Amino acid sequence: YMTATYAYLSAVHLALEEYEQALEVSKDAEDFCKDSPDFWVNYGTAYCGIGEYEKSIECYKKAMALRSKVFTALVADKGSTTWKPFAGIGNTYLQTHDLDKADFYFRRALRENPKNTDIKIGIARLARFRQKYEEAEQLYKDLLETAPENFQKVLRTELANIYFLQDRTDEAMELLQDFEEASEVVRQLAKFYYQKGKFQDIISLYTPVIDRGEANAGDYTDRGVAYYQLEEYEKAKEDFFKAIELDTDEADAYQNLGTLALKDENLESATQYYLKAIEFKEDFFDPHLDLAKIKMLQEDFEAARDYLAKAYAINPKHSEMLRLSANVEQVLGNVGEACERFLDILDLEPENIEVMIQLGFILTNNGEFNQALETFERALQLDEKNYSL
């Protein structure tokens, strides 16, 4: 009984997406479950879930190696030595973007079980990863005609993603329309609406979910951001406070409350909110940048430099951060560092004339006349009528 019990217990954790717990169960049982293919398939799935892909493949292959063994366990799923490990390895390679190997193993799995919906979804996802949208679309449409009801929402959502990628938004919306109140779909649509600047639509999406009491902290934060974009600041603030009430660790809500305080020129409150955001999310770029801006307003340039250094460590390719950093280094008299930051911006934006002019003036003021001339001439080639150049 114990082999089957451990296999089932691991499967329950996997169904709940508790991959670490599934691993703990599997590690405890490895010695006496070594002849159970179900065990090795679950073990491989758990490793895949936490991103340890090589170990995942090893476990799936151990399940495959038991294909010819006579099983003594109470329960043994024949699929655990045939299509499941092949599909598992295919999915693992899909996660690592090794698409040729993913294709090979998905096709092997399909030969073992030609009617299996999970395998066909893997092949459809593979086509999407390869940007073969027409092929992927047809695969999903075929699946929608034959797949059981419990697969329909996943299939329609993923087909809608393919339409979104091709900017076929009307078709995507039509596909999702009749179940857009489902929480995950709402969040997906909200991201799309945000990219399109449809903030009122975001509010319309989240309000029924919130009214039904199904919303989490992130849902309130997302609706609050939409209110903020529409300049309904009090409603935005209410949603951000509600998000924190539901989850005191909701860093995004603190960040947005800081932005509201900064808009009202309440630097002290803004600082406290930003520090809270960093407390709960150390690698949060935005509050580090905003704290640097506050310190610059307060003319505390050393502190501003420290926050900008932390922001740089998180995202070294953010133009506004690089510009602020260059300005702070100039004020502190660190000419070399200021030049480095301006050059970083030009790596990202090779035709940024304003930055070239700023860099040219720094070089001029420090007697680097030849380099200054080269910089100004480079800018002049891009803007021949610029009087200052």
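The values are calculated or read from the model by the stated rules, or taken from the named source; none is laboratory data. All values derive from a computational prediction rather than experimental measurement. Methodologically, a virtual Cβ is constructed for each residue, glycine included, from the backbone with ideal geometry; neighbour enumeration extends over all protein chains shown. Side chains included, ligands, DNA and RNA excluded: accessible areas come from the protein's heavy atoms. Shrake-Rupley method; radii C 1.70, N 1.55, O 1.52, S 1.80 Å.
Just in segment 19-113: which GluC sites (Glu not before Pro) are loop by DSSP and have at most 15 other Cβ atoms within 10 Å? Could the numbers behind the result be given before it?
On the way: sites: Glu20, Glu24, Glu30, Glu52, Glu54, Glu58, Glu112; in loops: Glu30, Glu52.
Taking segment 19-113 and a limit of 15 other Cβ atoms within 10 Å, the loop GluC sites (Glu not before Pro) found are Glu30.
Would you grab the residues whose amide H sits under 5 Å from the one on Asp77? Only those 5+ places off in sequence or on another chain, please, with H modelled 1.01 Å from N.
Residues meeting the amide H criterion: Asp38.
Along the positive direction of the dipole of the chain (beta-carbon charges: Lys, Arg +1; Asp, Glu -1; about the Cα centre), which of Ala292, Met321, Tyr1 reaches farthest?
Result: Tyr1, furthest along the dipole toward the positive end.
Relative to the compact globular guide of 2.2 N^0.38 Å, what is the alpha carbon radius of gyration of segment 75-118, as a ratio?
Values: Rg = 10.4 Å, N = 44, 2.2 N^0.38 = 9.3 Å.
Normalised Rg, Cα atoms only: 1.12.
Any idea what log10 I(q)/I(0) is at q = 0.17, 0.27 Å⁻¹ for segment 303-381, Debye with uniform C-alpha scatterers and no solvent?
Once normalised to I(0) and log-transformed, intensities are -0.62, -1.28.
In vacuo Debye scattering of the chain, one point per C-alpha: log10 I(q)/I(0) at q = 0.10, 0.11, 0.12, 0.15 Å⁻¹?
Debye output, listed in q order: -0.94, -1.04, -1.11, -1.24.
Suppose all protein chains stay in the model; what accessible area per residue would a 1.4 Å probe give for segment 103-156, in Å²?
Value for segment 103-156: 60 Å² per residue.
Return the equivalent ellipsoid semi-axes of segment 119-243 as a descending list in whole Å, where each equals the square root of 5 times an eigenvalue of the C-alpha gyration tensor. Don't skip to the answer; put the middle values down first.
Details: eigenvalues 200, 47, 23 Å².
The equivalent ellipsoid of segment 119-243 has semi-axes of 32, 15, 11 Å.
What list of ³J(HN,Hα) values in whole Hz, one per residue of segment 334-349 in order, does the Karplus curve 6.51 cos²θ - 1.76 cosθ + 1.60 (θ = phi - 60°) give from phi, with Gly and Pro shown as x?
9, 5, x, 5, 4, 4, 4, 5, 5, 5, 4, 5, 5, 5, 7, 10
With a probe of 1.4 Å, find how much accessible area segment 281-389 has per residue, and write the answer as a whole number in Å². Spell out each step's value before the answer.
Working: 6340 Å² over 109 residues.
Ligands and nucleic acids excluded, the figure is 58 Å² per residue.
Return the aspartates and glutamates within reach of Lys141: Cα separation strictly under 12 angstrom, same-chain partners fewer than 8 residues apart disregarded; answer none if there are no such residues.
Glu158
Can you give me the distance in nm between label points at Leu230 and Arg107, each placed 7 Å from the Cα along the Cα-to-Cβ direction?
Each label point lies 7 Å from its Cα, and together they span 5.2 nm.
Set the Förster radius R0 to 41 Å, insert the Cβ-Cβ distance between Glu54 and Glu158 as r into 1/(1 + (r/R0)^6), and round the FRET efficiency to 0.05.
Between Glu54 and Glu158 the formula returns 0.90.
In square angstrom, what is the accessible area per residue of segment 187-229 with a 1.4 angstrom probe? Present the calculation step by step, with values, prior to reporting the outcome.
Details: 1990 Å² over 43 residues.
Value for segment 187-229: 46 Å² per residue.
Over segment 302-389, calculate the relative contact order: mean separation of alpha carbon pairs under 8 Å at least 6 apart, over the residue count, as a percent. Display every interim value, and only then the final one.
Details: 78 pairs, mean separation 16.5, N = 88.
With pairs under 8 Å counted, the relative contact order is 19 percent.
In degrees between 0 and 90, to the nearest 10, how far off the longest principal axis of the chain does helix 19-29 point, with axes built from Cα atoms?
40 degrees
Take every Cα pair under 8 Å in the chain that's 6+ residues apart, average their separations, divide by the length, and report that relative contact order as a whole percent. Kindly include the intermediate steps, with their values, before the conclusion.
On the way: 472 pairs, mean separation 20.6, N = 389.
Relative contact order for the chain comes out at 5 percent.
How many nm separate the modelled label positions at Arg168 and Glu238, each set 7 Å beyond the Cα in the direction of the Cβ?
About 4.1 nm, to one decimal.
Return one number: the angle in degrees, 0 to 90 and rounded to the nearest 10, between the long axis of the Cα atoms of helix 353-365 and the longest principal axis of the Cα atoms of the chain.
Taking the Cα atoms of the chain, the angle to 353-365 is about 50 degrees.
On a full-extension model of 0.36 nm per residue, what is the gain between Lys263 and Lys196, subtracting their alpha-carbon distance, rounded to one decimal in nm? Walk me through the numbers before you get to the answer.
Values: separation 67, 0.36 × 67 = 24.12 nm, distance 2.40 nm.
Contour length minus Cα-Cα distance gives 21.7 nm.
On a 0 to 90 degree scale, rounded to 10, what angle separates helix 251-263 from the longest Cα axis of the chain?
The two axes meet at around 20 degrees.
Mind jotting down the distance between the C-alpha centroids of segment 121-154 and segment 74-115, whole Å?
So the separation of the two Cα centres works out to 16 Å.
Relative contact order for segment 133-291 using alpha-carbon pairs under 8 Å, separation at least 6, rounded to a whole percent?
11 percent
Share of the chain's accessible area from carbon and sulfur, percent, 1.4 Å? Spell out each step's value before the answer.
On the way: 9900 of 21340 Å².
Of all accessible area on the chain, carbon and sulfur atoms account for 46 percent.
How do the peptides 130-141, 151-162, 214-225 rank, highest first, by the average count of neighbouring beta carbon atoms within 10 Å per residue? Before the final figure, lay out each step's value.
Details: 130-141: 16.1, 151-162: 18.4, 214-225: 22.0.
Answer by packing, highest mean first, reads 214-225, 151-162, 130-141.
Determine which lysines satisfy two conditions relative to Lys55: a Cα distance under 20 Å, and not lying fewer than 8 residues away in the same chain.
Lys27, Lys34, Lys84, Lys101
For the chain, what does the helix formula give at 222 nm: sum of -39500 (n - 2.57) over DSSP H segments with n ≥ 4, over the residue count, nearest 500 deg cm²/dmol?
It comes out at -24000 deg cm²/dmol, rounded to the nearest 500.
Rounded to two decimal places and with Rh computed the Kirkwood way over Cα pairs, what is Rg over Rh for segment 172-329? Present the calculation step by step, with values, prior to reporting the outcome.
Details: Rg = 17.2 Å, Rh = 16.7 Å.
With Rh from the inverse mean 1/r over Cα pairs, Rg/Rh is 1.03.
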